[in-house]
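Remarks on the structure that follows.
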Amino acid sequence: SGSTLTLVFLQVGTQRINDKYILKLRAHVGQMGDSVFALSAKPGSVSIAPMHSVVDASNDVAIIQKQYEEKYGQPCQVNGNYIHSSIGGAISLTRALGDENFILIRKPVVKTYEADPKTAKILLASDGLYDSPKQAKKTIRGAMAALRAGSTVQELGERIVRKHDNLTLISVCYPADA
């Protein structure tokens with residue numbers, strides 16, 4: 001199995017545009033796996049870091065299948081949401097730290113997101129936020145809408161049904177007391 005990783009460096013500063021200085025939030029995100037980074041720059045908008053699941057990352061799946069066959073001399077199979085190993089086990093991730101039976105990609109996707117910090121909300125969540133990759137985007141958009149409507153992360157976590165996983169949630173907004 002593998003562990004997911006999402007690293008976020010938040011930077012609030014000014015940007016000069018036509019002799020005016022505008023406050024900007026930059027979130028530099030390095031992501032592997034199915035943990036969640038989501039940014040709502042303003043009400044109704046949500047940007048989600050790439051999901052590294054078998055369902056969402058077909059290019060990664062092709063790379064893993066090739067590397068697996070090169071290492072073990074036999075193919076691994078993709079069935080539904082999982083890559084199945086002929087030496088045992090199945091995994092739904094394409095990128096993660098550590099794994100014994102698969103050749104997962106261990107390089108994060110790095111991306112920078114920008115927003116006005118006065119209207120932005122950020123949600124970080126462990127992989128327990130949703131049960132299936134097919135539900136992920138809908139669940140994340142609903143979570144962001146709930147945060148915008150005033151829900152706390154504790155209330156949000158209590159409403160989310162987690163069948164197979166634990167859940168850690170962090171929400172960030174600026175200013176810190178908002």
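The values are calculated or read from the model by the stated rules, or taken from the named source; none is laboratory data. Computed from a predicted structure; not experimentally measured. When we count neighbours, we look across all protein chains shown, and the Cβ atoms used for this are built from the backbone with ideal geometry, even at glycine. All accessible areas refer to the heavy atoms of the entire protein, side chains included, with ligands and DNA or RNA removed. Shrake-Rupley method; radii C 1.70, N 1.55, O 1.52, S 1.80 Å.
When the residues of segment 97-155 are filtered to those that are in contact with a helix residue (DSSP H, G or I) (Cβ under 8 Å, 6 or more places away or on another chain) and among the charged types (D, E, K, R), which remaining residue is farthest from residue 69 (Cα to Cα)?
Per the criteria, the residue is 155.
Do any strands (runs of 3 or more DSSP E) entirely within segment 75-178 hold 1 or more residues that are in contact with an Asp or Glu (Cβ under 8 Å, 6 or more places away or on another chain), and if so, which?
none
So which residues in segment 108-142 are in contact with a Lys or Arg (Cβ under 9 Å, 6 or more places away or on another chain), at pLDDT below 90 and among the hydrophobic types (A, V, I, L, M, F, W, C), if there are any at all?
Selection gives 129 alone.
Residue by residue through segment 120-151, note down the ones that are closer than 29 Å to residue 13 by Cα, touching a residue at least 24 places away in the same chain (Cβ under 8 Å) and surrounded by fewer than 17 Cβ atoms within 10 Å (Cβ to Cβ).
141, 148
Do you know which residues across segment 11-60 are free of Cβ contacts under 8 Å to residues at least 12 places away in the same chain, on the phi < 0 side of the Ramachandran plot and under 22 Å from the mean Cα position of the chain (by Cα)?
If the condition is that a residue be free of Cβ contacts under 8 Å to residues at least 12 places away in the same chain, on the phi < 0 side of the Ramachandran plot and under 22 Å from the mean Cα position of the chain (by Cα), then 45, 58, 59 are the ones that fit.
From the list 3, 40, which residue is under 25 Å from residue 128 (Cβ atoms) and open to solvent by less than 50 Å² (accessible area, probe 1.4 Å)?
Testing whether each residue is under 25 Å from residue 128 (Cβ atoms) and open to solvent by less than 50 Å² (accessible area, probe 1.4 Å) leaves just 40.
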